[in-house]
């Protein structure tokens with residue numbers, strides 16, 4: 001495991017423990033994607049509204065804790081600020097508020113909105129004849145929403161080759177409405193698609209810097225809870241759970257020993 | 001269209017309706033004209049995204065679909081995120097009479113006025129639309145313009161957020177209305193000694209003006225929901241409503257026929273007003 005990604009997982013686990021909140025397994029499935037994105041795109045933590053920045057939208061907003069930890073790692077704000085996560089007066093909630101968190105471009109939470117927002121942003125950037133890009137991270141459960149596919153259809157129709165979708169295929173939807181071959185779905189809609197191991201930082205970076213001629217989709221195969229065997233094997237139980245002292249020690253040990 | 005020609009931050013998004021009316025604009029400014037398709041959720045969310053990039057988007061589609069179907073997109077992507085823009089609907093209330101209940105829209109004003117950072121406008125005439133659109137389109141808010149192809153022909157003063165007193169005869173009864181229905185209401189009330197107040201802006205509603213008539217009984221006559229509820233937010237009023245009942249309108253035909261069935265033709269309105277006046 002990438003050492004930064006391991007540390008991010010420890011941070012997530014710690015904050016979920018002290019706050020009593022958190023979607024730990026879904027956060028763990030996107031750590032490498034978030035780290036790879038922020039290692040690759042144009043952005044300036046000291047000037048979050050830099051006019052030449054690329055844009056990242058976390059459409060699966062419930063993975064905000066992972067996003068916060070990455071933003072802190074990048075230097076958007078001090079990591080200590082996150083100790084208030086989920087508290088009444090905290091700037092850092094379970095779903096991010098763009099007016100409170102530097103680096104968050106849109107307040108998300110209700111699923112199926114992030115791609116449509118990204119399509120509008122990418123179109124605006126194209127009208128402005130800029131070479132900036134928009135990146136949207138969506139979940140496979142989120143892709144149950146019809147608005148996701150509506151927006152993909154529009155993006156392809158508009159020829160938005162300045163938009164990249166990262167699809168977190170962590171199989172979270174397996175108990176409900178399944179999308180068994182997401183890459184084929186995206187291809188069927190007219191996208192350029194690549195499938196990668198969503199926990200392989202170097203592979204992710206290679207695909208993130210690519211700029212296709214069409215809407216570029218990276219289907220990232222991930223494990224919900226990646227890093228801790230307990231979370232991977234019991235991710236339904238852990239979806240919104242905060243660990244007690246004993247569980248925390250066990251999960252931390254699993255991350256350090258890289259049991260999965 | 002001339003406004004959009006002069007401001008290169010205006011981008012038009014269509015839901016596959018009224019496109020033919022903008023062919024000239026499309027040819028002159030292809031970068032700012034998009035017939036996105038029949039996907040109202042994405043139309044609204046895209047508008048929010050364009051707004052985030054500094055543009056002034058206009059979304060246009062049929063009232064029930066762009067408001068009721070896309071309510072969460074308006075609420076979260078435009079209002080909560082404060083990615084403001086303009087929503088211009090057509091066919092509201094019973095303008096699409098013969099299309100039936102699936103195409104009727106009478107909750108749009110009521111539900112949209114509940115959202116923070118939202119402005120709700122029901123222009124009753126071309127002049128009202130023209131003035132209000134030019135004054136509001138680029139103010140950062142999300143503004144709903146409820147267009148109608150059955151405008152009234154009464155020339156009223158237009159200023160955003162201001163109601164208009166069309167008749168003040170110190171009556172014990174004040175009729176309040178909004179939008180194109182003013183034509184019928186004026187015809188009904190012309191020779192009756194009632195006060196008449198008109199609104200083209202439902203949010204913000206002109207509470208100060210309404211308060212001036214607090215010592216009278218108020219009768220709201222409207223072919224939609226929303227105006228009555230907005231007026232009732234002013235404290236210490238005695239307000240009643242004449243308009244829609246709690247059932248779907250399953251008739252077809254013309255707007256005139258539906259208004260007659262609802263008691264919103266001039267003759268029926270006159271009877272209701274006289275009855276209320278006798279009780280006041």
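A quick yes/no check of all residues on (1) at pLDDT below 95; (2) assigned by TED's automatic domain parsing to the domain that holds residue B:109; (3) touching a helix residue (DSSP H, G or I) at 6+ places or on another chain (Cβ under 6 Å); (4) farther than 20 Å from residue B:269 by Cα:
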residue	(1), (2), (3), (4)
B:174	no, no, no, no
B:177	no, no, yes, no
B:212	no, no, no, yes
B:237	no, no, no, yes
B:242	no, no, yes, no
B:255	no, no, yes, no
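Applying the set (1) surrounded by fewer than 20 Cβ atoms within 10 Å (Cβ to Cβ); (2) farther than 21 Å from residue A:38 by Cα; (3) within 12 Å of another protein chain (Cβ to nearest Cβ) to residue A:171 leaves exactly one unmet item: (3).
Take residue A:8 and decide whether it is modelled with pLDDT of 95 or more and crowded, with 21+ Cβ neighbours inside 10 Å. Don't jump to the end; show me each part of the working.
On the way: modelled with pLDDT of 95 or more: yes; crowded, with 21+ Cβ neighbours inside 10 Å: yes.
In short, yes.
Among the residues making up region B:42-85, those that are over 16 Å from residue A:105 (Cβ atoms), facing another protein chain (nearest Cβ under 10 Å) and surrounded by fewer than 24 Cβ atoms within 10 Å (Cβ to Cβ) are B:72, B:75.
Quick check: is even one residue across region A:127-142 part of a helix (DSSP H, G or I), facing chain B (nearest Cβ under 8 Å) and modelled with pLDDT of 95 or more? Yes, region A:127-142 contains at least one residue that is part of a helix (DSSP H, G or I), facing chain B (nearest Cβ under 8 Å) and modelled with pLDDT of 95 or more. If we scan region A:184-198, do we find a residue that is exposed (fewer than 14 other Cβ atoms within 10 Å of the Cβ) and either assigned to a loop (DSSP other than H, G, I, E, B) or within 14 Å of chain B (Cβ to nearest Cβ) (or both)? Looking through region A:184-198, none of the residues is exposed (fewer than 14 other Cβ atoms within 10 Å of the Cβ) and either assigned to a loop (DSSP other than H, G, I, E, B) or within 14 Å of chain B (Cβ to nearest Cβ) (or both).
The values are calculated or read from the model by the stated rules, or taken from the named source; none is laboratory data. Every value quoted in this text rests on a predicted model; they were computed, and no experiment measured them. For neighbour counting, all protein chains shown are included, and Cβ atoms are generated from backbone atoms with ideal geometry for every residue, glycine included.
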